[in-house]
Amino acid sequence: MPPIRDAMSAFELFQPASVGDALGILDRHGADAWVMAGGMDTFDWLKDRIKKPKVVVDLGMVDELRGIKDAAGGLEIGATTTLTTVANNPLVKERFPLLAEAALIVASPQIRNQGTVGGNISQDARCWYYRAGWPCYRAGGNICYADTPTAVNREHAIFNADRCVAVNPSDTAPALVALDAEFVIKRGSAERVVPAREFFIGPGIDITRLTVLQPGDLLTAIRIPATWAGKAHYFEKVRDRMVWDFALVNIAASLNMSGATISDARMVVNGVAAEPYRLDAVEAAIKGRPRDKATAEMAADLAVQGAVPLRHNAYKIPLVKALVKRAIRGEAEWATS
Amino acid sequence: MGNLVSWARSPWGDSVLTHISWDLFWASLIGGLLFLVAHGGYMLFSQHHKRDSSEVDRMEADRKGLPANVLRHGFVARMFHWVMAFSMLTLLLTAFLPIVGVQFAWVQWHWMAGILLTASIMFHIVHATFVLDFWSIWVGPKDIPEFKAEMMREVGIDAPGPKPGKYPLGNRLYHLAVVVAGLSVIVTGILMMWRVRTGLVERNPYMLTDSTWGITYVVHGLMGVGFVGLVIAHIYFALRPEKLWVTKSMIFGTITRRQYLEHHDPDRWVAESKSGSNVG
Amino acid sequence: MAEQQKPVAPAIPVAPTKPAPGEAPKKLEFRLLGHNYTTPDLVAKVTGKAKYAEDFRAEGMVFIKLMPSPRPHARVISIDASAALAMPGVHGILTAKDLPAPPPPPGPVPAAAAAARPAGTPPGTPAGSPAPQAAAPGGGGAPAAPAPAAGAAPPVAAPTPPPMPPEFALTDEPVYEGEPILAIAADSEELAAEAIDRIVVEFEALPFVIDPLEGMRPGSPDGRTQGNVFVGPSMKTVKWTAADMAMVDAGKFPVNAEATETLTYGDIEKGFAEADLIVERDSQQQTTSHQPLESRSAMAYWQNGKCHINVSTQSLARTVAAVAGWVGIKPEELVLISEYTGGGFGSKIPGSQSIAIPALMSKKLNGRPVMMRISRAEETYIGRVRPGYQGWVKMGFKKDGRITAVDTFIVEASGPYRRQGDHATSANLATLQFQAPNMRFRGLSVATNTPPGTSQRAPGGLQSSVWFEPVVAEAARKLGIDQVAIRRLNAPEGTAQFGLNPPNTPPGRPRNKVTSCFVKECLDKGAEIFGWEARKANSGKRTGSKVRGIGVATGAYTAGSIGVDGLCVLRPDGKLEIHQGIGNLGTHSVVDTARVIAEIANVPWENCEVVWGNTAKGLPWSSIQAGSQTTYAHTRANYATGMDLKKKLTEIAAKDFGGTPEQYDTNAQGVIRKGGGLRLTWAKAAERAIALGGIYDGTEVPKELNAMTKAAAAAHKGRGLMGVARDNLPRDGQTYGFMSGFAEVEVDVETGVWRILEYVGVADVGTVIHPNSLGGQIHGGGIQGIGHVRSQKLVYDPHYGAGLSTRLHHNKPPTILDIPHTLKWAAVELPDPTNPIGAKGIGEPSVGAAAGAVLNALADAIGDGIIRRTPVQPEHIMEALANGGKPAYEPLTAFI
């Protein structure tokens, strides 16, 4: 049903000034509370009247959640640091151009000015059936409307679909997975540090969430180790429009070169599964090989093994292949096809 | 039914059922455990009257032809039971572990176990119809005299009246419940195969209307949680000391001649030797 | 003329003149026209001071929310609003039963005229309402006399089914998802929304159709209970054969399937027999939502028996009758205010039905102000769409590139309410753009339970360039002919003829002709600016994974109507008030055409005040702001008005100072005696007019004026010297504007991602009256065309008939980074001989040229076999190239 839009239901607004206060509020209100950073995802849900939280906790006043600082050659980025700040930060650009590029290509300048990196990685699925408020698996129902014979599912998953075929829409998430980042999550007085890869979860694990964050959890910071600083990075996003569009597929790769051969690699594609899809087989196979056409071809074939296309998204298979080849090629000039 | 099932707005704005409330799982679990405690307590004081040993001695003397070990469950029947038990436990674990917080990709295991269950049940129906004594497990009005007598015996009175044939009445009632619940989960579960990706059928999530699907999911859920209680009860009985001889027979196939005579009416259940020939 | 700083040269003709035979048309020079200036509304717009409909607030104002239909087609059985109305702060409900019945339909409508809604005429107008529709002249590609209108239904022998009922603002039989069922007024929008959540509506589900071709399947449901195909004002059920549908299922358009509309010219069989090369293809273009920046919000209240409504509309004068009809009042009982409009693109030509909702709710609430803000999601549902096409096209060419025949079949997704004429318009335009000696058009206008279709900027015109231009480009490549040359060869020129006829039209019937046409000049000028010859080296040039392509295309559209009025008042303070009934829809035409009066009468622009945007201010009858009519129509009307003003000035001078009026003229200060000095200042002339009365101060006005102009004149009589006139100038032919577009693209063959490196658009719009506005229109229209080719679309789930692209970012209109950093434009500036200042319209001709040029450049880069549908998404290219040039997308499926 097309529900009434743009008439936000009332809620109680909290604007804590510290992480401690924020955690206290979250603890008190549990599942009734909604954490809001930049509001780019939040207001879609609230204005569409699909989510009606009793309490909204606006993190906009919590200064300690913002900022980028050196951490032993790596970086620690506050969760509510804006995407614009991440994209323009000299340390990010110098050490992790992959992340700077990913942040720079998110949505539009206005959204990047308001949207945060924590919000970008924690945002919910953008499946238009789910976002229409339909009672699909992800919304607690018993069907995936996007995975039916007549569904329009050009933007949906080709990997690891389990009932739900929504994809993770983030641009920065695959970059952070490719950089072995860790996410700091606080809850009450406890703190846990979750590797990026474990932060994102597929529908098999929990069909109603894209991340491990539960009510009461607060993502406070992103830690990027020095491991991949200054290594070879590649990011590319394929989309319909050059601004204000989610990725059809994006790829984030970091390669450690020793001489002309790849000594270690991380390669992650997003927009193809409910979590940033790490190409483990490719990473293993390209170790010890040069960045040449043969490696690229082999990697491309490996990358798409196990892909299951839907009616309208089979193109994602050759597109993933193309992007994997391009990531291995980097700035070199040889043609991949 | 307000809180026992969950409702949603269909894309056309209609109220449709989606699931049972998972609280019902806890209800079934707790119900099963409460029954277990209650029955266990009851058994401490139970006056259950089985056949007098003197009578059994006499019967044993009368029936010299009886083998020392009477076949209760043939190999095929035992295989079926354990395959079914395995698939049922897998189904329950894959269905309910995620609800209690153990999260894993369960759907594939669930439907595969479901297929195993379905296949085993289908085999069982054929086997029971053509090979086994089909009616020996069913309950009906004709069992009322036996029911009366067994109730009397339960309170310690050596009542006249029929003794159980091959299957005691409780056993048969349990089977009936399992038949109803089992066929319900199987039929609904098979329909659900059109909803998920299995590669076995051509998916059509729109095969039924939104509201019919809702009922399907609710029935599957209700019967599924029902099985939690049923299975708890079943395992409990299987492990009760006084029932262990039955449990053993499901493993080894036979009971002793004496057990046979103690618990059954040899006229209603004509014992077979292990080879399968009648030795009545 | 001695005191005139800058003489007007050449002198403005007193009446439209045809250049003498053989005489080359020449650019006209003016004092004001053709020069850039700052329009008086601009500062308010850029500073945010401009008040649009939803910016108005009034004491005691309440807010409306609409209940959208959850189903694509259903009947409302019952509505229980008791719980909602019991809520404190909820003031009222409005349902379909509260809407006034439409006025009785006018007398019998000739089938042909009724069938052809000329493109560019107002949409969403209840049949028979006193809407501008009837008077809309020269609609795109569907001209009136002498040739029959385009898209005419074939002669029907059987009794004609009754006309379809009109569309209302609220309905008991929703025919598309999101169609408003009822409205609730409350203290706040949130409260109104909460109230609607408590309303229980019982529906009876009815069958629906999303993809038009699915509606043709034997046994498939019809989009309306009356049928699935619009035939004229009625409907019938037409189903294709199983064999036809088997072709559709195989991804092939069934060219021999049944059509309900056929138009022809010449003999296509002969044309194809003469051809050396025949190119044919299936093709599809998408339905797109108009998505103007400003949604169709409205605020209304009643005061002293009059209904005041702040609306968002394209036209102003021509919105009055439509809104009055929807509200059920007389036009004179309506005060319509729309000073600024955030675009309409054809979706708000006379406003929209929903305007009636706050007006009628306010009436129920005893005149209390009622605001209805339309959200973006609602706008996507009720805001109209351009009908998509599925079909086939075949063209024959001689070796030299000359087109011998065109055959096409177009199935149009009309939406649920009315036949859309886009497909017939496209065919008609093809006869103009390509001057084919033989052509046939067959078509179906299929009812779909999707948002109602209506004219969208160049309705049928954009689609014409997208439909036919790539075929011409493919032929040129196959024949080894230069792309510019093949277009020059087939281009119309002079007073080119065009148009199609229904079958069995008696031979010898005269065809339509245009008033002027300078397509070849556009092509030449564009080729020069673009550097066509030099850029040919870029065609197919590969750098790494990127390959380039260049393309050229033409576009054409109606560009002017006639017969409207102008009104101005020279006040005793020396200021000239120029009244405009034109809507301020963002094109500047409301001000640009006003300058013609100042130009004619020699009044300094600084002395002029333009009055617009509020019918209470007394505004003259105007054209609709659609069909690119305004510039042509109102330069003519204001020319006549300026001449009237000047005539009266010289007459007053002659009365006061002797001699004949011909001995007087005007300069920047006022009336002068030719060869002498100033006789009357502007202020003095105004005083004298008041003293003289009669025709001079507006007490007497010409009988031929429209009633609205007469009412405006009556309101302003006695305030000064009134210039008022109707455009009675002659015109022979239909006025069309033309464009050439040139584009270079770069395609990444590995990912299919493509971008436009360069775009040049050159317009044949006659005299340029405001260069900056013209540039805005050429670029704006061009970008809209680019969006059609690049990304814009509407997506529907066919199972539920539900919209999926309900958010703006799902609609994917083009962004600023999707177009070249520099866009270039120019105009050939050759005057149209039927307009005294030589001007024609441009808003719509600009759209198709850009779309066609970009499509042709893409095919130049990647080959002819790949692009068969728009928008051209990256995967369409990438998959085909990875697959040996064979496309992998579904060629005919709509709304994906």
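The numbers here are math on the coordinates, done by the rules we state, and not lab data. Bear in mind the structure is a predicted one, so any value in this text is a computation, not a measurement. Please note: Cβ atoms are built from the backbone with ideal geometry, for glycine as well, and neighbour counts cover all protein chains shown.
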- From the Cα centre of the stretch C:526-558 to that of the stretch C:173-241, the distance in Å is 45
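With Cβ to Cβ distances under 15 Å as the rule, what net charge do the other residues near residue B:82 carry (K, R +1; D, E -1)?
After counting each charged neighbour, the total is +3.
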- Once you list every other residue whose beta carbon is under 15 Å from the beta carbon of residue C:402, what net charge do they have if Lys and Arg are +1 and Asp and Glu are -1? +2
- Message: Projecting each Cα onto the charge dipole of the stretch A:232-329 (Lys/Arg +1, Asp/Glu -1 at the beta carbon, about the Cα centre), which of A:303, A:248, A:263 comes out farthest on the positive side?
- Response: A:248
- Message: At a 10 Å Cβ-Cβ cut-off, how would you order C:422, A:124, C:565, fewest neighbours first?
- Response: A:124, C:565, C:422
- Specify the longest stretch of chain C that does not include any exposed loop site, a site being one of the trypsin sites (Lys or Arg not before Pro) with a non-H, G, I, E, B DSSP assignment and at most 11 other Cβ atoms within 10 Å. C:58-398
- Classified through the alpha carbon gyration tensor (a ≥ b ≥ c as square roots of its eigenvalues; rounded if a/c is under 1.5, else prolate when a/b is larger than b/c, else oblate), the stretch A:12-61 comes out oblate
- Taking the dipole of chain C about the Cα centre (Lys, Arg +1; Asp, Glu -1; charges at Cβ), the one of C:848, C:245, C:530 that reaches farthest to the positive side is C:530
- Please give the calculated 222 nm ellipticity per residue for chain C, where each DSSP H segment of at least 4 residues contributes -39500 (n - 2.57) and the sum is spread over every residue; nearest 500 deg cm²/dmol? -7500 deg cm²/dmol
- Task: Would you calculate the separation in nanometres between label points at residue C:51 and residue C:399, each defined as 7 Å from the Cα along the Cα-to-beta-carbon direction?
- Result: 7.2
- Rg to Rh for the stretch B:24-263: what is it, with Cα atoms only and Rh by Kirkwood? 1.02
- Item | With at most 15 other Cβ atoms within 10 Å, longest stretch of chain C clear of loop GluC sites (Glu not before Pro) (DSSP) | C:259-699
- Pulled fully out, how much extra length does the chain show between residue B:23 and residue B:54, if you take 0.36 nm times their separation in residues and subtract their Cα-Cα distance? 6.0 nm
- Note on the structure: Looking only at lysines whose Cα falls under 30 Å of residue C:703's and that sit 8 or more positions away or on another chain, we get C:18, C:306, C:330, C:575, C:617, C:646, C:647, C:648, C:655, C:684, C:717, C:840
- Item | Distance between the stretch C:734-748 and the stretch A:186-215 - C-alpha centres, whole angstrom | 52
- Task: Arrange the following residues from fewest to most other Cβ atoms within 10 Å of their Cβ: B:7, C:392.
- Result: B:7, C:392
- Item | Per-residue ³J(HN,Hα) for the stretch C:721-731, Karplus 6.51 cos²θ - 1.76 cosθ + 1.60, θ = phi - 60°, Hz, x for Gly and Pro | 7, 9, x, 8, 7, 9, 6, 9, 5, x, 8
- For the protein assembly as shown, with the dipole built from +1 on Lys and Arg beta-carbon atoms and -1 on Asp and Glu ones, taken about the Cα centre, which of C:443, A:42, C:184 lies farthest toward the positive end? C:443
- Once both label points are put 7 Å beyond Cα along the C-beta direction, the residue B:119-residue C:27 separation in nm becomes 8.5
- Query: With +1 on each Lys and Arg Cβ and -1 on each Asp and Glu Cβ, how big is the dipole of the stretch B:24-263 about its Cα centre, in debye rounded to the nearest 20?
  - Reply: 380
- Message: Quick check: residue separation of residue C:86 and residue C:755 times 0.36 nm, minus the Cα distance between them. What number comes out in nm?
- Response: 235.2 nm
- DSSP loop (so not H, G, I, E, B), at most 16 other Cβ within 10 Å: list which chymotrypsin sites (Phe, Trp or Tyr not before Pro) in the stretch B:133-195 pass both filters. B:138
- chain C - charge dipole about Cα centre, Lys and Arg +1 at Cβ, Asp and Glu -1, debye rounded to 20: 1480
- Item | Mean-position separation - Cα centroids, the stretch B:128-188 and the stretch C:299-373, in angstrom | 78
- Restricting to aspartates and glutamates and to Cα separations under 15 Å from residue B:142, and discarding same-chain partners fewer than 8 apart, the set is B:150
- Item | Residues residue B:202 and residue C:280, FRET efficiency given R0 of 25 Å [Cβ-Cβ distance, rounded to 0.05] | 0.10
- Task: Please report A:272, C:611 as a ranked list, fewest other C-beta atoms within 10 angstrom at the top and most at the bottom.
- Result: C:611, A:272
- Item | Across C:394/C:478; C:270/C:394; C:541/C:812; A:321/C:886; C:236/C:793, pairs whose alpha-carbon gap is larger than 22 Å | C:541/C:812; C:236/C:793
- Query: What area, in nm² and to one decimal, does the C-alpha convex hull of the protein assembly as shown cast on average over all directions?
  - Reply: 67.2
- Note on the structure: With DSSP loop assignment and no more than 14 other C-beta atoms within 10 Å, the trypsin sites (Lys or Arg not before Pro) in the stretch A:236-337 are A:287
- Summed side-chain charge close to residue C:173 - residues other than residue C:173 whose Cβ falls under 14 Å, Lys, Arg +1, Asp, Glu -1: -3
- Task: Quick one: grab the alpha carbon gyration tensor of chain C, order the square roots of its eigenvalues as a ≥ b ≥ c, and give me rounded if a/c is under 1.5, else prolate or oblate depending on whether a/b is larger than b/c.
- Result: oblate
- Where a ≥ b ≥ c are root eigenvalues of the Cα gyration tensor, a/c under 1.5 meaning rounded, otherwise prolate if a/b exceeds b/c and oblate otherwise, the stretch C:475-515 counts as oblate
